[in-house]
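The values are calculated or read from the model by the stated rules, or taken from the named source; none is laboratory data. What you see is a predicted model; the values in this text were computed from it and never measured. Cβ placement follows ideal geometry from the backbone for every residue including glycine, while neighbour counts extend to all protein chains displayed. In case anyone asks, the SASA skips ligands and DNA or RNA and just uses the protein heavy atoms, side chains included. Shrake-Rupley method; radii C 1.70, N 1.55, O 1.52, S 1.80 Å.
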Amino acid sequence: MPVRVQTEDFDAGREIARLRAEDRGVGAVAAFIGTVRDVNAGAGVDTMTLEHYPGMTESALEDIVAEAKRHFAVRDVLVVHRVGTLGPGDQIVLVVVTGAHRGAAFDACEFTMDRLKTRAPFWKKERGEHGERWVEARASDDEAAARW
């Protein structure tokens, strides 16, 4: 299964091992783990709550994975994204790409994360010293995605 949205934490090592299992054509693995920061936009963060539309979110992530596989010479792509209330240091997202060579794996991993940040229907609300606020999209995320 190339996409999972879940409340529980993930074990990156186990996910990578599962993706590589029995594929002797894998010569490279690129991975990205996103975590909750304790500060955002200059203000302390106590918790971040991630919301999504079940079904719609998974479909959007599956489209992103399929697009990465079409554009890059990679063997497989995995996205695991958490929802619910998380605290600083908690893992949010895992993107793992396997490929025959590192260049394609790195590129596909970055592409997948850039697309996820701009196209996946997730909503983030932070709670901290500033009270509660919805996290707005960043122009830098759009710029990163546009280069692909």
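In the chain, excluding the sites themselves, the longest stretch lacking any of the trypsin sites (Lys or Arg not before Pro) that are in a DSSP loop with at most 15 other Cβ atoms within 10 Å is 38-137. Applying the Karplus relation 6.51 cos²θ - 1.76 cosθ + 1.60 with θ = phi - 60° to region 107-121 yields 3J(HN,Hα) values of 4, 5, 5, 5, 4, 4, 5, 4, 5, 4, 5, 10, 10, 7, x Hz, where x marks Gly and Pro. A cut-off of 5 Å between modelled amide H atoms, ignoring neighbours fewer than 5 places along the same chain, links Arg4 with Val79, Val80, His81. If the elastic network links every pair of Cα atoms under 10 Å, which of Asp63, Asp107, Asp11 fluctuates the most in the Gaussian network model of the chain? Answer for the Gaussian network model of the chain: Asp11. Normalised radius of gyration (Cα atoms, divided by 2.2 N^0.38 Å) for region 60-112: 1.25. For region 3-146, the carbon plus sulfur part of the accessible surface works out to 47%, probe radius 1.4 Å.
Straight-distance candidates among the aspartates and glutamates for linking to Lys124, with alpha-carbon spacing under 18 Å and chain neighbours fewer than 8 residues away dropped: Glu8, Asp9, Asp38, Asp46, Glu51, Glu58, Asp90, Asp114, Glu132, Glu136, Asp141, Asp142. Here, P(r) means the percent of Cα pairs in each 5 Å bin from 0 to the largest distance; for the chain it is 2, 10, 19, 20, 21, 14, 9, 4, 1, 0, 0. Accessible surface calculations at 1.4 Å, restricted to protein heavy atoms, place the chain at 54 Å² per residue.
Normalised by the number of residues in region 107-148, what is the relative contact order in percent for Cα pairs under 8 Å and 6+ residues apart?
Rounded, it is 43 percent for region 107-148.
Would you mind telling me which residue in Pro121, Pro88, Pro54 has the biggest mean-square fluctuation in a Gaussian network model of the chain, where springs connect alpha carbons within a distance under 10 angstrom? Maximum among the listed residues: Pro54.
Put a dot 7 Å past the Cα of Ala146, heading toward its Cβ, do the same for Thr35, and the two dots end up 3.2 nm apart. Estimated from helical segments only, the mean residue ellipticity of the chain at 222 nm is -11000 deg cm²/dmol, where each DSSP H run of four or more residues counts as -39500 (n - 2.57).
Annotation for Ala28 and Trp134: the two label points, set 7 Å from Cα along the Cα-Cβ direction, are 3.9 nm apart.
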